[in-house]
Amino acid sequence: MTATVVCSAPGRVNLLGEHTDYNGGFALPIALEQRTEVEFTPDGSTAIDIDAHDHGTATVSTSPRPGEVTGWSSYVAGVVWALRENGIAVPGGRMTIRSDVPVGAGLSSSAALECAAIGALAAAADITLDRLAWARAAQRAENDFVGAPTGLLDQLASLHGRVDHALLIDFESLHVTPVPFQLDPAGMTLVVLDSLSSHGHAGGEYAQRRASCERAAAALGVESLRAITDITDLSAISDPTDRRRARHVVTENQRVLDACAALRVQDHSRVGAAMIGSHSSMRDDFEITTPGIDLMVESAVRAGAVGARMTGGGFGGCVIALVKSARAAAMIDAVTADVVAAGFPRPRAFVARAGDGAMVRSAL
């Protein structure tokens, strides 16, 4: 059994590709510089005592079962369960969690915690996981233990992050391709505007969207909506709601590919246009935005952003805006004024930069 180990994993911002992961499509996230750090000292016991600086303390068993742990500690219990299901005996011990990833903002704070906890626990058990097995264990914890039906986007982004790169994820092959994302040389900035309206995956709306996509694929006789590239094929879907959901996925996949091509030639106007189109699709076809989020996007574009969209699973969370660096401060002020005047909470803004993925190290 090893000494104290530390694993940190980042949150993520998804530039494009919302609700495409579980449809076998494409997404384009970046790992953030904001990270969750898990420090773990094994002691050979059958329980893990957790001190989460922002949430308090908890104790979870090294042999938990789905349904017996709730709240924030269910994410730790979930990864313990997922590792045991994979044949990895997790030791008991003491765990400390620190994080500067905003919670409930759609920036994958849960995936950051899951990935960091798995990295620390696996290292303590002297097990080396490849990144895909790591991601699948984190996803299984969230799906089957916590009860949130997420795809692999968040976990893969957290694990594969690279400084100054976005990540083109192909969810059919699960191949991750780094794409240059260097904004500073072009005088551009990516601003995250946190609406401070809670975002959550465990609610029914996310599950309803996923079920709608599955029905649409079944109506088209395909395994997943990834197989569809021509929106005229969607006329075979009789249910109008399912047809709109499918149209979002099909057009979103193309926007991801278009944005990747644009990033490779530093054409940020094209990237921005894809972002605006994505938000319209999420608002009108997938129906996962909110009035406050829509206002933030509209205000950001009016104030000079070349592109803006909601990021994350929807129903709250954050807006991202791609804007010339010289105009970023004025844009933030304009969005804040519009949002407050409309009676919504004052948003919290920060500049997002592409950071590294999960890392394991021995404690000093």
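Of the residues making up segment 8-17, those that are crowded, with 24+ Cβ neighbours inside 10 Å and either farther than 22 Å from I228 by Cβ or in contact with a helix residue (DSSP H, G or I) (Cβ under 6 Å, 6 or more places away or on another chain) (or both) are A9, P10, G11, R12, V13, L15, L16, G17. Here V319, V351, V306 are screened, and the one residue that is at pLDDT 95 or above and either farther than 23 Å from S108 by Cα or among the charged types (D, E, K, R) (or both) is V306.
Rundown of residues vs (1) in contact with a strand residue (DSSP E or B) (Cβ under 9 Å, 6 or more places away or on another chain); (2) over 16 Å from P42 (Cβ atoms); (3) part of a loop (DSSP other than H, G, I, E, B); (4) among the small types (G, A, S), yes/no style:
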{"position": "R65", "(1), (2), (3), (4)": "no, yes, yes, no"}
{"position": "R98", "(1), (2), (3), (4)": "yes, yes, no, no"}
{"position": "A111", "(1), (2), (3), (4)": "yes, yes, no, yes"}
{"position": "G119", "(1), (2), (3), (4)": "yes, no, no, yes"}
{"position": "R140", "(1), (2), (3), (4)": "no, yes, no, no"}
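Would you call G292 closer than 30 Å to D239 by Cα and at pLDDT below 95? So G292 does not fit the description; no. On the stretch given as segment 125-136, residues that are in a helix (DSSP H, G or I) and either touching a His at 6+ places or on another chain (Cβ under 7 Å) or surrounded by fewer than 22 Cβ atoms within 10 Å (Cβ to Cβ) (or both) total 4.
For the subset of segment 279-323 comprising residues that are among the hydroxyl-bearing types (S, T, Y) and surrounded by fewer than 19 Cβ atoms within 10 Å (Cβ to Cβ), which member is farthest from V103 (Cα to Cα)? That would be S280. Across segment 311-364, the number of residues qualifying as under 21 Å from T290 (Cβ atoms) and acidic (D, E) comes to 1.
The values are calculated or read from the model by the stated rules, or taken from the named source; none is laboratory data. Treat the numbers as computed from the prediction; the structure is a model and nothing was measured. No Cβ is skipped: glycine too gets one built from the backbone with ideal geometry, and neighbour counts run over all protein chains shown.
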